[in-house]
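One structure is given here, and the rest of the page talks about it.
The values are calculated or read from the model by the stated rules, or taken from the named source; none is laboratory data. Predicted model only: the values in this text are computed from it and were never measured. Every residue, glycine as well, gets a Cβ built from its backbone with ideal geometry; the counts of neighbours run over all protein chains shown.
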Amino acid sequence: MILCPKRATHYDWFGLSGSPGQAEAGTKHGQVDKSLAVMSRQGHFRERIYMTKTTIITGGTKGIGLAIATRLAAKDSHLILGYLSDERAATDAKESLEQLGAKVTTVRGDLGEAGGVERLVEAVTDDGPVHIVHNAAMIYATNLLSADMTVLSRAIEVNGMSLLHLVRAAMPVLKAGSSIVFVTSAGTKVARTGYAALGVGKTLAEGLVRYLVLELAPLGITINSVAPGIVATSSVATMVGGQEAANKVLANAARMTPQGRIAQDDDFTGVVEFLLSPAAKFVQGQTIHANGGVFVP
């Protein structure tokens, strides 16, 4: 015997109170005005997105961050690149991106400290909506039980909570049309030996992304994450203890990836560019893995 539920007399499931007749009347009259208002706001959001020229990229002078900056570099764009200490890399990045037509501002600072976050935001010079790509990370190769708790706590702060500190500091320049992308990794889903500081920190940040959606989406601001596959950067050598060991890790990663290679810049920078574009204005709280199929959530 199949039991059929009684016909609902209210539309509370959809946030509409009243009887079916009242709902229909609302659709015919008042709801039309609301729909037009929403369409108008959406058009406004789209216009503001196209006007966006400034992007803050943390960890933007080397590796993955520089690859993203190169993808976004264009005439009239303003790239604000945060870095910790490598002055030579910052100078080289600025010169190469300016040759592509971008205006580049490099900002030295520690994202584990309030001042480092604030200096990035202070570098914004226009009043349009601003994008953020949060890529900076503190590399501390460790397991949990053997970790120095002081160093581990700081690493989790930088790799996780710094996202919230940055968003809070940037709220005066984040407007309808702004987008935020957090660079994460599959290490938030699959535990890896020696990856605890990054994995736990980025897991925290992914949680922050989901909860920030509730507060940013009503403002017309998107926030999402991108998880590249393993990329041949200096960070790999830092994690595994040298370039020779890194070469073995990269070769093994290529063999394990269904597409037979490690990630290249275009594999993930295009995803970041998409999430910053008007085409992704209705994408919220997602983590997109660009890893050639080596990890499928």
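Per-structure values
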item	result
Leading residue by the ranking (surrounded by the most Cβ atoms within 10 Å (Cβ to Cβ)) among those in the range 211-233 that are more than 20 Å from F295 (Cα to Cα) and hydroxyl-bearing (S, T, Y)	T222
Of residues in the range 176-194 being part of a loop (DSSP other than H, G, I, E, B) and touching a residue at least 60 places away in the same chain (Cβ under 8 Å), the one surrounded by the most Cβ atoms within 10 Å (Cβ to Cβ)	T184
Selection status of V236, under 22 Å from the mean Cα position of the chain (by Cα), at pLDDT below 80, of a type outside the set (G, A, S) and surrounded by 14 or more Cβ atoms within 10 Å (Cβ to Cβ)	yes
Selection status of A136, small (G, A, S), under 22 Å from G63 (Cβ atoms) and touching a strand residue (DSSP E or B) at 6+ places or on another chain (Cβ under 6 Å)	yes
Subset of the range 240-276 that is hydrophobic (A, V, I, L, M, F, W, C) and in contact (Cβ under 8 Å) with a residue 40 or more places away in the chain - its residue that is surrounded by the fewest Cβ atoms within 10 Å (Cβ to Cβ)	V240
Matching residues, the range 54-99, being in a helix (DSSP H, G or I), over 14 Å from D265 (Cα atoms) and either among the small types (G, A, S) or in contact with a Lys or Arg (Cβ under 8 Å, 6 or more places away or on another chain) (or both)	E87, A89, A90, A93, S96
So L111, is it more than 18 Å from the chain's Cα centre (by Cα) and part of a loop (DSSP other than H, G, I, E, B)	no
Any hit, the range 239-261, residues being within 18 Å of R71 (Cβ to Cβ) and modelled with pLDDT of 85 or more	no
